[in-house]
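Novice: One structure is given below, represented as structure tokens, and several questions about it will come after.
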Amino acid sequence: MADSGLPHRPKPEETPEASAAPAAEGGAAAPSKNALKKAAKEKAKAEKAAQRAAQEKAQQQAAAANAEDTAKGLYGPIPESEDLQPVTNIQQLSEEHYEKEVTVIARVDNARVQSAKLAFLMLRQQGVKVQAVVAAKEPISRQMVKWTGGINVNSIVQVTGTVKKPGVPIASATLSNLEIHISKAYLISEAAQMLPMQVKDAERPPPLSDVVEDGVQLDAEGAPIVTLKTRLDNRVLDLQTETSQAITWISSGIVQLFSEYMLKSGARWIFTSKLAGAASEGGSNVFEVKYFKRKAYLTQSPQLYKQMCIAGDMESVFEIGPVFRAEDSNTHRHLTEFTGLDFERTFRHHYHEVLEFAEDLLVFILTELKERYKDQIAVVQKSYPKAGDFKLPKGGKALRLKYMDGVALLKEAGVDVSEQERFENDLTTAMEKQLGQIIREKYDTDFYVLDKFPMAVRPFYTKADPEDPKFSNSYDFFMRGEEIMSGAQRIHDAKELEDSMRAKGLDPNSEEFEDYLAAFRQGCPPHAGGGLGLNRILQFFLGLPNIRLATLFPRDPQRLRP
Ligand code: ATP
């Protein structure tokens, strides 16, 4: 610190630059500070000029390249001014399109650059695949080939090209006898480079054994096995597979056929509430929800409402809607939410009028599915061949047995059915499956009906058999030995209904049954009906090992997403 008390100012020779500067050659004096500054300025100027020159050169080169790109405008992001050309569905392409120009919109199932002059795209639309090829030949440029072959898998593109017959059939494509020779390729929506699961890996069936946990496992051919959990976690990608596409079409078909049949029969399509103020079907399998300052419940079926509609003079009704079951059942055939196909109708003399209607309904649905969805069924069978073709009953009529006849068939096969004979228990799932086998062998059908269940195993609203009240006028339908429908004649007499409630330990005077019972006190015609599970029909028709594969976004005790 200087004595003056002012801050110390270094002398020029003390400055770091000066002390660090090498001594001038021959002992000449070191350059002055001004000279150094000037040199630095000039250096920076020169650098900037070089940068500018490089930029200009790059721009000129790009412009030149662009000018040379004979395919300019034929590829890239889809232009806003793109003519709206008619688009052909890939499914509809056929040999009739040979040498014709088509435009398709599809996902890129796979993209591959073969060489600087050749690239391939496998295009996929709703599970159907066709190969497209882009070759550098004016006006198609190498730049276009490179760009097209580099499109991220799963991106959505619009491709125009001429349909040609390939040299050899393309085994990996659904349409193996044609190929699109690309003249234009535009990107509509780009997929991320890294996907959580490859659609082509999900095309392979999930391992049947539950032993396989998460993580990549390879099959015998070295391809990754995608577990059911991974598929369901990434359901949107899984839905894009050929198999899921086929399954969801068949699901749509079941609903269409059900409603077609019902409407044709004169039934009315109804929509009942899924929120109820009481868990009135009894049982603990009901989801409770907060409803402002009180509780509400998600309905376990539209049962009571269907009957109230019958009491409301609707005569024949049906509904397709969600059904909620708060059952902690972790099985291959139970969900906590499924789609119910329900119907209810009046009859004149005997509940078999309704039973026969329901049997014919199912035979109609199953027969038409086989006819209208042949292609989709064949696709599903490639992944799930084990169950084989679904066997329809001969002569277009359902096979109907009495419940006790089914029990007798099991007994004959050596199964212990003592609890069933004492009416203590319904058939177990294992017994149902075994009975399905026995019936398939004996009657050559995968669809059959059991009638006259013991009253003890049916709900309170079921009508007892007037000839033998140990039994009831109730029935279950089975596909491949698993239950897909429950139904019955319902009690329509208020007094009889109250007695039946008491016999099942329910209190007819409790508030929760007030509205339901009122419907019968006001007079109600005899009626019967049933409740089917859409997901189960789909599962067992196709022989799928798990109901989750037959459900868009399954809900079970473990799963509430996606
Ligand atoms: P299960 O004995 O198989 O549990 P359930 O006797 O409880 O069935 P119902 O209450 O009679 O079945 O329901 C009628 C139909 O609804 C069944 O035949 C089935 O098709 C479907 N269903 C019932 N519960 C479920 C569930 N948890 N998940 C999927 N579908 C179901």
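The numbers here are math on the coordinates, done by the rules we state, and not lab data. Everything numeric here is computed off the predicted structure, so don't read it as measured data. Glycine also receives a Cβ, built like all others from the backbone with ideal geometry; neighbour counts cover every protein chain displayed.
Novice: Could you give each residue of the range 295-301 its phi-based ³J(HN,Hα) in whole Hz, using Karplus coefficients 6.51, -1.76, 1.60 with θ = phi - 60°, and x for Gly or Pro?
Specialist: 9, 9, 10, 8, 5, 7, 4
Novice: Nearest 5 is fine: what % of DSSP beta bridges in the chain come out antiparallel, could you say? Provide the component values of the computation, followed by the final result.
Specialist: Numbers: 77 of 90 bridges.
The antiparallel fraction comes to roughly 85 percent.
Novice: Taking the highest mean first, how do the peptides 545-554, 69-78 order by number of other beta carbon atoms within 10 angstrom per residue?
Specialist: Working: 545-554: 20.3, 69-78: 16.6.
Top to bottom by mean Cβ count within 10 Å: 545-554, 69-78.
Novice: Next question. With θ set to phi - 60°, apply the Karplus curve 6.51 cos²θ - 1.76 cosθ + 1.60 along the range 246-253 and write out the HN-Hα couplings as whole Hz, x wherever there is a Gly or Pro.
Specialist: 5, 4, 6, 5, 5, 4, 4, x
Novice: What is the distance in Å between the Cα centroid of the range 435-507 and that of the range 263-338?
Specialist: Distance between centres, Cα-based: 19 Å.
Novice: Would you compute, from DSSP H runs of 4+ residues alone, the mean residue ellipticity of the chain at 222 nm, taking -39500 (n - 2.57) per run and dividing by the full residue count, rounded to the nearest 500? Don't skip to the end; give the middle numbers.
Specialist: On the way: 16 runs with 183 residues, N = 562.
Calculated from helices alone, the mean residue ellipticity at 222 nm is -10000 deg cm²/dmol.
Novice: What does the highest-first list of 178-185, 493-500, 412-419 look like by mean Cβ count within 10 Å? Working shown, then result.
Specialist: On the way: 178-185: 22.8, 493-500: 16.8, 412-419: 12.8.
Output ranking for 178-185, 493-500, 412-419: 178-185, 493-500, 412-419.
Novice: List the residues, sorted by chain then number, that are 5 or more residues from MET485 or on another chain and whose placed amide H is less than 5 Å from its amide H.
Specialist: So MET485 has HN proximity to PHE477.
Novice: Please give every one of the aspartates and glutamates within straight-line cross-link reach of LYS48, meaning a C-alpha to C-alpha distance under 16 Å, and leave out same-chain neighbours fewer than 8 residues apart.
Specialist: Filter leaves GLU56.
Novice: So for the chain, what are the equivalent ellipsoid semi-axes in whole Å, largest first, each being the square root of 5 times an eigenvalue of the Cα gyration tensor?
Specialist: Details: eigenvalues 991, 237, 101 Å².
Equivalent-ellipsoid dimensions as semi-axes: 70, 34, 22 Å.
Novice: Label GLU368 and LYS33 with points 7 Å out from Cα along Cα→Cβ: what is the distance between them in nm?
Specialist: Calculated label separation equals 9.7 nm.
Novice: Looking at the square roots a ≥ b ≥ c of the eigenvalues of the Cα gyration tensor of the range 379-490, which shape do they give, rounded for a/c under 1.5, prolate if a/b is larger than b/c, or oblate? Walk me through the intermediate numbers first.
Specialist: Values: a/c = 2.10, a/b = 1.64, b/c = 1.27.
Prolate, since a/c reaches 1.5 and a/b exceeds b/c.
Novice: Check HIS181: other-chain or 5+ apart residues with amide H under 5 Å from its amide H, H built from backbone geometry?
Specialist: Hits under the 5 Å cutoff: VAL133, THR162, VAL163, LYS164.
Novice: Which aspartates and glutamates, if any, have their Cα less than 13 Å from the Cα of LYS274, not counting same-chain residues under 8 positions apart?
Specialist: Partners found: GLU288, GLU319, GLU337.
Novice: Whole-Å semi-axes of the range 453-534's equivalent ellipsoid, largest first, each the root of 5 times a Cα gyration tensor eigenvalue?
Specialist: Rounded to whole Å, the semi-axes are 24, 14, 12.
Novice: By per-residue mean of other Cβ atoms within 10 Å, what is the highest-first order of 376-385, 103-112?
Specialist: On the way: 376-385: 17.6, 103-112: 19.6.
Per-residue Cβ counts within 10 Å, averaged per peptide and sorted highest first, yield 103-112, 376-385.
Novice: What residues qualify as long-range amide H neighbours of THR336, i.e. H under 5 Å apart, gap of 5 or more or another chain, H built at 1.01 Å from N?
Specialist: ARG555, ASP556
Novice: If I take R0 = 51 Å and measure r between the Cβ atoms of GLU80 and ALA50 in this structure, what FRET efficiency does the formula 1/(1 + (r/R0)^6) give, to the nearest 0.05?
Specialist: With R0 = 51 Å, the Cβ-Cβ based efficiency is 0.85.
Novice: In whole Hz, with x marking every Gly and Pro, tabulate ³J(HN,Hα) for the range 184-200 from phi via Karplus 6.51 cos²θ - 1.76 cosθ + 1.60, θ = phi - 60°.
Specialist: Calculated HN-Hα couplings, in order: 9, 9, 10, 8, 9, 8, 8, 8, 4, 5, 9, 9, x, 7, 8, 4, 5 Hz.
Novice: Strictly over 25 Å apart at the Cα level, which of LYS370/LYS402; LYS117/LYS164; LYS411/LYS463; LYS452/LYS495; LYS370/LYS433 would you flag in this model?
Specialist: Numbers: LYS370/LYS402 28 Å; LYS117/LYS164 19 Å; LYS411/LYS463 27 Å; LYS452/LYS495 23 Å; LYS370/LYS433 23 Å.
LYS370/LYS402; LYS411/LYS463, as the Cα separations exceed 25 Å there.
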